[in-house]
1. Can you pull out the residues in segment 90-104 that are assigned to a helix (DSSP H, G or I) and in contact (Cβ under 8 Å) with a residue 12 or more places away in the chain?
2. When you go through (1) under 15 Å from S30 (Cα atoms); (2) buried (at least 16 other Cβ atoms within 10 Å of the Cβ) one by one for G96, which number turns out not to apply?
3. Report the residue count in segment 107-120 for those that are closer than 13 Å to I32 by Cα and either surrounded by fewer than 18 Cβ atoms within 10 Å (Cβ to Cβ) or free of Cβ contacts under 8 Å to residues at least 24 places away in the same chain (or both).
4. Filter segment 76-89 down to residues that are in a strand (DSSP E or B) and among the polar types (S, T, N, Q) and give me whichever is surrounded by the most Cβ atoms within 10 Å (Cβ to Cβ).
5. Considering only residues of segment 34-75 that are in a helix (DSSP H, G or I), among the acidic types (D, E) and closer than 20 Å to E94 by Cβ, which is modelled with the highest pLDDT?
Amino acid sequence: MEPFGFIFALQRQFLKLRRNSAYREVTTMSAIDVRRTHSLDHEHAREAAESLAQDLSREFDVNYQWEGDVMRFKRSGVKGHLTVSPGDIRVYLELGMLLRPFKSRIEKEIHSQLDGLTGQD
């Protein structure tokens, strides 16, 4: 094997993996998954989720729509959902490459909003 043959073989394998869409999804997205328990009735939990969505929409220019108790949202570089269940609220986001540097800021904002909405300040 030539001196750099091993490195070239590894590069070829890596390029094959990158062509696989599942691999691209994992390597190009950064996920945020936050769950917060609550003692709110369903109506107030849904109102709290709507308030959070409006704030995040203003702050990060995110479009959203409700499908039952699941709010789906999307914008360039981010997609996700917020689920309102009896006893908890879950926010799941997938950030694209350009928003990765803001992951901690976005996650901190979600925690802060959920803490305020569920009375866990």
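1. First pass over segment 90-104, keeping only residues assigned to a helix (DSSP H, G or I): 97-104.
Hits for segment 90-104 are M97, L98, L99, R100, K103.
2. (2)
3. Filtering segment 107-120 for residues closer than 13 Å to I32 by Cα gives 107-111.
From what's left, either surrounded by fewer than 18 Cβ atoms within 10 Å (Cβ to Cβ) or free of Cβ contacts under 8 Å to residues at least 24 places away in the same chain (or both): 107-109, 111.
So the count comes out to 4.
4. Of the residues in segment 76-89, the ones in a strand (DSSP E or B) are 78-85, 88-89.
When the remaining residues are screened for being among the polar types (S, T, N, Q), the result is 83, 85.
Values: T83: 16, S85: 14.
Restricting to residues being in a strand (DSSP E or B) and among the polar types (S, T, N, Q), the top hit is T83.
5. Filtering segment 34-75 for residues in a helix (DSSP H, G or I) gives 42-60.
Imposing the further condition that a residue be among the acidic types (D, E) reduces the set to 43, 47, 50, 55, 59.
Applying the additional criterion that residues be closer than 20 Å to E94 by Cβ yields 55, 59.
Values: D55: 80, E59: 76.
Within segment 34-75, the match that is modelled with the highest pLDDT is D55.
The values are calculated or read from the model by the stated rules, or taken from the named source; none is laboratory data. Since the structure is predicted, the reported quantities are computational estimates derived from the model, not experimental observations. When we count neighbours, we look across all protein chains shown, and the Cβ atoms used for this are built from the backbone with ideal geometry, even at glycine.
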